[in-house]
Amino acid sequence: MYIAMNRFRVVPGFEEAFENQWKAREGRLAEMPGYIEFHMLKGPKAEDHTLYASHTVWETHGHFVAWTKSEQFRAAHARAGESKVQYLSGPHFEGFDVIIHEDRSGKRSASEAA
């Protein structure tokens with residue numbers, strides 16, 4: 001599995017606009033082979049920002065790369081420049097290969113690359 005995350009540092013007072021922007025966004029991920037799930041996470045507040053992170057799980061890194069090159073990706077991000085939300089800086093991307101996975105029953109599996 002592969003997990004793709006983007007961290008967003010939203011300026012205080014823009015949290016509601018940020019959340020509404022994501023709630024109103026048309027989802028295109030489910031159209032993609034290898035897509036497993038998506039989460040938008042709200043983290044701690046600091047004096048100068050509230051931390052958010054988008055978290056997408058893919059079957060493989062290759063599936064994620066295919067998403068970034070797809071028409072669905074372009075369509076999902078087409079209006080990104082129209083946002084009125086203020087950020088401390090642009091999104092910060094982090095990608096992770098899953099080396100150990102444990103499901104809700106406690107079954108654990110390790111990646112062959114581990």
Taking region 61-71 only, how many residues are open to solvent by 70 Å² or more (accessible area, probe 1.4 Å) and assigned to a helix (DSSP H, G or I)? 2
Search region 52-63 for residues that are farther than 18 Å from Tyr87 by Cβ and in contact (Cβ under 8 Å) with a residue 60 or more places away in the chain and pair each with any residue that is among the aromatic types (Phe, Trp, Tyr) and open to solvent by less than 20 Å² (accessible area, probe 1.4 Å) when their beta-carbon atoms are under 8 Å apart and the residues are at least 6 apart or on different chains. His63/Tyr2
Considering residues of region 1-27 that are open to solvent by 50 Å² or more (accessible area, probe 1.4 Å) and assigned to a loop (DSSP other than H, G, I, E, B) only, the residue farthest from Ala110 (Cα to Cα): Gly13
From the residues in region 29-51 that are assigned to a strand (DSSP E or B) and in contact (Cβ under 8 Å) with a residue 40 or more places away in the chain, which one is most open to solvent (accessible area, probe 1.4 Å)? Leu51
Residue within region 72-91 that is closer than 29 Å to Ser109 by Cβ and open to solvent by 70 Å² or more (accessible area, probe 1.4 Å) present: no
Evaluate region 52-62: report whether one residue or more is of a type in the set (A, V, I, L, M, F, W, C), closer than 24 Å to Leu88 by Cα, at pLDDT 95 or above and under 15 Å from the mean Cα position of the chain (by Cα). yes
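The values are calculated or read from the model by the stated rules, or taken from the named source; none is laboratory data. Keep in mind that what you see is a predicted model, and the values were worked out from it rather than measured. As a convention, Cβ positions derive from the backbone with ideal geometry for all residues, glycine included, and neighbour counts pool all protein chains shown. Keep in mind that these areas ignore ligands, DNA and RNA; they rest on the heavy atoms of the full protein, side chains included. Shrake-Rupley method; radii C 1.70, N 1.55, O 1.52, S 1.80 Å.
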